[in-house]
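All remarks here apply to the structure that follows.
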Amino acid sequence: MTPRIQRPEPPYLQLVAHYRTLIKDGELKSGTRLPATRELADQWQVSHTTVAKAVTLLRSEGLVETSNQGTTVSFGETNTYTPRDRLRAMKRSGRIYPHSEATRILAAAVVPAPEHVAAAMGIEEGDQVVRRERVTLHGDVPVTHSVTWMPGELVDSVPELATTERIPGGTVGAVRERTGREVTRDTYRECARRATAEIAAALEVAEGDPVLYGQNTWYEDSGAVLEFGEFTIPEGRWISVV
């Protein structure tokens, strides 16, 4: 393999990464005004051009809006979070949902694994798994419907998994705290679909409307699947993949 020189990220990308994290973690809420260009340049000891490049990239990702009044966080108005965003937030802050969003648990139980879940988790069809179904809301607006599946034996250590109570820090956060088992690798895939009757009811859209359907698979160091998730996002909501 040919060796390559490793260079630090350009300063403007460091600014983008910093504010992207604050926005996606919910530390900077929609409507929050960022400091003026001159102030940011002084704080970071960079040029105005560097700040302008950073703001342009944040705007292209749908994280901020700019006007004559300045730069304002706008993420929650048209975007929502991916499972990877939530996993990163949990690892950084211990909170899997930002302040701008809330979740409602629709169902939770230990059930036999359906065929597609068994295949994704590398287990036998019919093995016991935890199934949790939820809808995530931005204000009163549903933005994501999701179903997550975890190994059934986890309820011995985290019995709340099989109840509809909300778990602070999320399911994987509670599992890590109680058992030491944690996510170390994640994969994703997505496709366009039509909303089923169940999805349409949860997202308050019409049956047959276009939606984005995705799957996330979260692995432990051993290669075992700690969580397999299915998520659906309605038409008109952006997700940022970085």
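Numbers for the structure displayed
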{"item": "Pairwise label distance in nanometres, Thr103 with Tyr188, each label 7 Å out on the Cα-Cβ vector", "result": "1.5"}
{"item": "Size of charge dipole - the range 118-242 - debye, nearest 20, with Cβ of Lys, Arg +1 and Asp, Glu -1, no other charges", "result": "280"}
{"item": "Length-normalised contact order of the range 11-77 in % [C-alpha pairs under 8 Å, at least 6 apart]", "result": "42"}
{"item": "Highest-MSF residue in the chain out of Val143, Val175, Val46 [GNM, Cα springs under 10 Å]", "result": "Val46"}
{"item": "Value at 222 nm in deg cm²/dmol, rounded to 500, when DSSP H runs of n ≥ 4 in the chain each add -39,500 (n - 2.57)", "result": "-8500 deg cm²/dmol"}
{"item": "Spatially proximal lysines relative to Lys91 (Cα-Cα < 20 Å; intrachain offsets below 8 disregarded)", "result": "Lys24, Lys29"}
{"item": "Cα shape, the range 116-159, gyration tensor, a/c 1.5 rule", "result": "oblate"}
{"item": "Model label zone, Ala224; criterion: amide N under 13 Å from point 7 Å along Cα-to-beta-carbon; scope the range 166-209", "result": "176, 179-183"}
{"item": "Size of charge dipole - the chain - debye, nearest 20, with Cβ of Lys, Arg +1 and Asp, Glu -1, no other charges", "result": "1040"}
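FYI, it's all coordinate maths here, none of it is from the lab. Given the structure is predicted, the values throughout are model-derived calculations rather than measurements. Virtual Cβ from ideal backbone geometry, glycine too; neighbours counted across all protein chains shown.
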